[in-house]
Every structure is written in structure tokens, then in C-alpha cells.
Amino acid sequence: MTGGMSADPVTEYLRLGLAFDRLEEGFVDAYTGDPALRVEVENAPAPHPAELADRARALQRELPAGLPAERAEFVGAHLRALECSARKFAGEEVGFVDEVQAYFDVRIEPGDEAVYREAHAGMAEALGVPGATGDRLREAYAAYRRADEIPAAAVAQLIAEFSGSLREMVRSAFPLPDAETVDFEVVGDKPWSGFNYYLGGYRSKVAVNTDLPQYMSSLPGLIAHEAYPGHHTEHCRKEQGLVGSGQLEHTVFLVNTPQCLMAEGLADHALAAAKGTGWHEWAAEIYADFGLRFDPERARAVGAAAAGLIRVRQDAALALHDRGDDIDDVAVFLQRWLLVAPDRARQMLRFLTSPLWRAYISTYVEGYALLETWLDRAGSSGPERLARFGRLLDEPLIPASLRRELAA
């Protein structure tokens with residue numbers, strides 16, 4: 001790492017971002033830029049976190065450094081996130097709420113348990129046990145989930161079927177290069193349910209975790225999230241458009257940065273963008289071909305009610321990392337409000353306590369909410385909303401960009 005600003009501030013940003021993989025493998029989620037730069041960083045002396053923090057601050061001070069305003073804002077937001085990560089790696093105490101704000105440019109606060117109780121009441125109605133609470137509601141939901149479970153032997157075939165159908169839709173609405181492809185693999189012993197590894201050249205590997213069961217009501221959303229028109233589609237469109245036009249800051253995708261909040265919010269809206277609110281009927285037809293019965297109306301009603309519980313996992317992260325609550329108490333909190341079994345709650349806690357991923361839950365919670373508000377400006381459905389979703393795929397938007405548009 002050089003001591004002063006190079007002629008190209010983006011190269012310095014890339015060099016800095018790549019160095020974080022030397023501190024924590026996996027921090028660089030994807031890199032599709034000049035391989036020589038990555039080799040240079042890998043062969044350099046191991047970086048010290050405090051030096052990386054200094055470098056991030058120095059690069060921020062020198063912006064815009066000849067970059068257009070939009071690009072300078074994008075790089076600056078990511079440098080602020082990297083500076084906070086470096087301080088954390090150096091052992092500095094950073095309050096959890098401040099940490100999340102530095103990473104993702106959102107300010108989080110606890111959810112409202114009254115909203116969670118209302119969600120439970122809606123779920124009880126949808127499950128045919130109106131007024132049920134506590135163990136009775138948990139048992140009804142567990143029975144629903146058992147009926148919703150996909151036989152393990154069918155998972156791979158269903159992934160292929162759903163991805164093929166979604167790919168066809170995406171390629172008509174958002175053209176992709178002919179060479180684009182996604183390879184799916186089934187894995188285990190991971191803290192997440194699915195993961196997109198973007199390899200560059202319009203290729204992705206998507207891993208689906210089968211440690212815990214896959215469900216009919218969630219598998220289509222998982223495929224849309226990771227592939228079409230979610231992460232894979234976004235990577236392809238931005239590689240083709242932004243990187244193709246010389247915006248090389250988009251050749252790197254770094255964990256715990258604003259681009260993560262945008263990407264996860266986009267991906268969580270991907271299924272609705274592709275198939276609208278009628279995706280349940282589309283999924284039911286595919287499941288029927290495999291001899292599986294999927295009730296679209298019931299799934300829609302349960303899902304709509306359960307949406308009120310979106311902030312529960314963020315509340316769990318706040319309990320762990322902001323208030324310092326005991327992990328066993330947090331497990332009980334997750335079981336109570338999400339109506340999950342102990343093993344499912346412990347799987348969630350693996351993610352929430354991972355040093356690299358502990359703040360990441362906010363990308364789903366706050367990303368979904370921010371992008372929903374922004375997308376709703378184009379209506380609840382129709383071509384205008386789809387076109388607005390396309391902007392998320394193609395433009396270098398960050399949370400501040402969306403807030404400005406919403407305030408205008």
C-alpha cells in the first residue's frame with residue numbers, strides 16, 4: 001500500500017478493499033477486476049488494521065479526487081464503512097448501533113412488540129386457529145411448516161425448475177449476456193440459507209444450505225434472491241453496464257458496506273419483481289408437477305401476517321451486541337416471536353454471532369424497508385414499478401441516493 005494518493009483514486013479504493021481479505025477471509029465477497037492488483041495485495045506484507053483505518057480516512061479526505069460527484073459519493077460511503085471495519089479489527093470498541101450506521105448508512109432502533117403480537121394474531125387466523133397464542137400457535141405453525149417441507153430428494157430438481165422459469169422472465173425484462181450462467185450446489189454446515197458467489201464473466205455459483213429443511217413457501221424466494229432477478233442478475237447487469245463504462249469501483253463487492261444493504265434489499269424484492277403477488281399460483285403449478293401440494297392462498301395469508309416479524313432478528317442482534325443479553329435468553333426470544341424450534345433459533349444465532357456477519361441482519365431488515373418505500377413510489381405493481389426495480393439492478397445507488405429521492 002502506497003503512502004500517498006495514486007493518480008487513480010479508484011485503484012487505491014480497490015487496493016484498500018482487497019486488503020481486508022487478509023484480515024478476514026470472505027470480507028471480499030466478489031472481485032472481478034485486474035487479477036494483478038489482487039496478486040499484489042495478497043503478496044504484500046500483512047496489513048495492520050490501524051493502518052487500513054488511516055488509509056481509509058486519507059482517501060476520504062482527498063475525494064472527489066477528480067471523480068464525478070455520484071462516483072465520489074459511492075466511494076466515500078464505502079470508505080466510511082471500511083474505516084469502521086478497520087477500527088473494529090484493531091480492537092476498538094464501537095457501539096453496535098454506530099457500527100451498523102457506519103457500515104450500511106442506516107440508523108437502527110428496536111422493533112415494537114405490539115406489531116409482533118398483531119403478526120401472531122394474523123398468523124393464527126391464517127392457520128385456522130384464531131385467537132391462538134403461545135404453545136398452541138407454535139404447534140399450529142410447526143404443523144404448517146411440516147406440511148410445507150420439501151422432500152430432500154426433490155430440492156435439487158426444484159431449484160433447477162424454478163431457476164429456469166425465473167431466468168426466462170428475467171432475460172426478457174432485463175437482458176443478460178448470452179454467456180451468463182448460474183451453477184447451483186447443495187452444501188451444509190453454513191450460518192446462512194443460501195449464498196451467491198459471483199465469479200465474474202457473468203457467472204455465479206449459488207450454494208443452498210440443507211442443514212435445515214427447505215420449504216415450498218420459501219424456496220422460490222431463495223432462488224429469486226440469489227439468482228434471478230436478485231444477486232446474480234445485479235452482478236451481471238452492473239458488470240456489463242457500470243464496469244463496462246469504466247466505473248471500476250464496481251469490480252469489488254465488500255461485506256459490511258452500503259452496497260450490501262442495497263443488494264439484499266433488492267434481492268428480497270426480487271421474487272415480487274419477477275412474478276408479482278401471484279407468484280404463489282405459479283409456484284403451485286411447478287410443485288404439482290412434482291406431486292407436491294402447495295396451497296397458494298394459505299401461503300399468501302401466512303406470509304403476509306409473518307411479514308410483521310421482519311424486525312425480530314434485528315432485535316436479537318441489538319440484544320446481543322448493544323445490550324449484552326445472555327445468548328440463551330436471546331434464543332428464547334427468537335423462539336417466542338418467530339415460532340421456531342430451538343435448532344432453528346440456534347442456526348439464526350450462528351449468523352448473528354459470527355464476527356464477520358453479526359451486523360449483517362440489518363441489510364435485510366432495513367434494506368427491505370427502504371427499498372419498499374422507494375419502489376412504492378412507482379405503485380404496487382405494473383411496468384413502472386418493474387422499471388424502477390431495474391434501476392436498482394443498473395445504477396450505483398446507495399441508501400443516501402434513495403433518501404434524497406424520497407425527500408424530493
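The values are calculated or read from the model by the stated rules, or taken from the named source; none is laboratory data. None of these values were measured; they are calculated from a predicted model. As a convention, Cβ positions derive from the backbone with ideal geometry for all residues, glycine included, and neighbour counts pool all protein chains shown. These accessible areas exclude ligands, DNA and RNA; they are computed on the full protein's heavy atoms, side chains included. Shrake-Rupley method; radii C 1.70, N 1.55, O 1.52, S 1.80 Å.
Looking at segment 4-15, can you tell me whether even one residue there is within 17 Å of E249 (Cβ to Cβ), part of a helix (DSSP H, G or I), of a type in the set (D, E) and open to solvent by 30 Å² or more (accessible area, probe 1.4 Å)?
no
From the set of residues in segment 210-251 that are polar (S, T, N, Q) and either under 22 Å from G194 (Cα atoms) or outside any loop (DSSP other than H, G, I, E, B) (or both), which is farthest from the chain's Cα centre (by Cα)?
S245
N196 versus (1) under 30 Å from G33 (Cβ atoms); (2) of a type outside the set (S, T, Y); (3) assigned to a helix (DSSP H, G or I): which is the lone unmet condition?
All conditions pass for N196, except number (3).
What residue, among those in segment 113-133 that are free of Cβ contacts under 8 Å to residues at least 60 places away in the same chain and assigned to a loop (DSSP other than H, G, I, E, B), is nearest to A77 (Cα to Cα)?
That would be T133.
Pairs please, first residue from segment 60-73 and free of Cβ contacts under 8 Å to residues at least 60 places away in the same chain and open to solvent by 80 Å² or more (accessible area, probe 1.4 Å), second anywhere and among the small types (G, A, S) and part of a helix (DSSP H, G or I), Cβ atoms under 7 Å, 6+ apart in sequence or on different chains.
Partner pairs satisfying both residue conditions: none exist.
Does F290 satisfy the condition of being under 16 Å from the mean Cα position of the chain (by Cα), open to solvent by 10 Å² or more (accessible area, probe 1.4 Å) and modelled with pLDDT of 95 or more?
In short, no.
Search segment 1-26 for residues that are modelled with pLDDT under 90 and pair each with any residue that is basic (K, R) when their beta-carbon atoms are under 9 Å apart and the residues are at least 6 apart or on different chains.
From residues that are modelled with pLDDT under 90, the pairs are M1/R15; M1/R55; T2/R15; S6/R15.
Restrict the check to segment 323-330 and report whether at least one residue is touching a residue at least 60 places away in the same chain (Cβ under 8 Å) and surrounded by 14 or more Cβ atoms within 10 Å (Cβ to Cβ).
Checked segment 323-330: no residue is touching a residue at least 60 places away in the same chain (Cβ under 8 Å) and surrounded by 14 or more Cβ atoms within 10 Å (Cβ to Cβ).
Please go through (1) assigned to a helix (DSSP H, G or I); (2) surrounded by 14 or more Cβ atoms within 10 Å (Cβ to Cβ) for A30 and return the number of the only condition it doesn't satisfy.
Checking A30 against (1) assigned to a helix (DSSP H, G or I); (2) surrounded by 14 or more Cβ atoms within 10 Å (Cβ to Cβ), the one that fails is (1).
Examine segment 142-156 for a residue that is within 29 Å of G308 (Cα to Cα), open to solvent by less than 30 Å² (accessible area, probe 1.4 Å) and not hydrophobic (A, V, I, L, M, F, W, C), and state whether such a residue exists.
Checked against the condition, which is being within 29 Å of G308 (Cα to Cα), open to solvent by less than 30 Å² (accessible area, probe 1.4 Å) and not hydrophobic (A, V, I, L, M, F, W, C), segment 142-156 yields at least one hit.
Restricting the search to segment 128-172, which residues are modelled with pLDDT of 95 or more, of a type in the set (S, T, N, Q) and within 16 Å of T233 (Cα to Cα)?
S163, S165
Please tell me if T353 is open to solvent by 50 Å² or more (accessible area, probe 1.4 Å) and among the β-branched types (V, I, T).
The answer is yes for T353.
Since A369 meets every condition but one in (1) buried (at least 22 other Cβ atoms within 10 Å of the Cβ); (2) aliphatic (A, V, I, L, M); (3) within 17 Å of the chain's Cα centre (by Cα); (4) under 30 Å from T133 (Cα atoms), which condition does it not meet?
(1)
Going through segment 123-139 one residue at a time, which ones are more than 26 Å from the chain's Cα centre (by Cα) and crowded, with 18+ Cβ neighbours inside 10 Å?
A124, A126, L127, A132, L137, R138, listed by residue number.
Quick check on segment 318-337. Is at least one of its residues on the phi < 0 side of the Ramachandran plot and modelled with pLDDT under 95?
no
Residues are listed down the side, and each one gets a yes or a no for (1) open to solvent by 60 Å² or more (accessible area, probe 1.4 Å); (2) part of a helix (DSSP H, G or I); (3) in contact with a helix residue (DSSP H, G or I) (Cβ under 7 Å, 6 or more places away or on another chain); (4) of a type outside the set (A, V, I, L, M, F, W, C):
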{"position": "A306", "(1), (2), (3), (4)": "no, yes, yes, no"}
{"position": "L320", "(1), (2), (3), (4)": "no, yes, yes, no"}
{"position": "V340", "(1), (2), (3), (4)": "no, no, yes, no"}
{"position": "V365", "(1), (2), (3), (4)": "no, yes, yes, no"}
{"position": "S380", "(1), (2), (3), (4)": "yes, no, no, yes"}
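With respect to the numbered conditions (1) surrounded by 23 or more Cβ atoms within 10 Å (Cβ to Cβ); (2) closer than 22 Å to L370 by Cα; (3) not small (G, A, S), which one is the sole condition not fulfilled by V252?
(2)
Does segment 98-112 hold any residues that are hydrophobic (A, V, I, L, M, F, W, C) and either part of a helix (DSSP H, G or I) or open to solvent by 70 Å² or more (accessible area, probe 1.4 Å) (or both), and which are they?
V100, A102, F104, listed by residue number.
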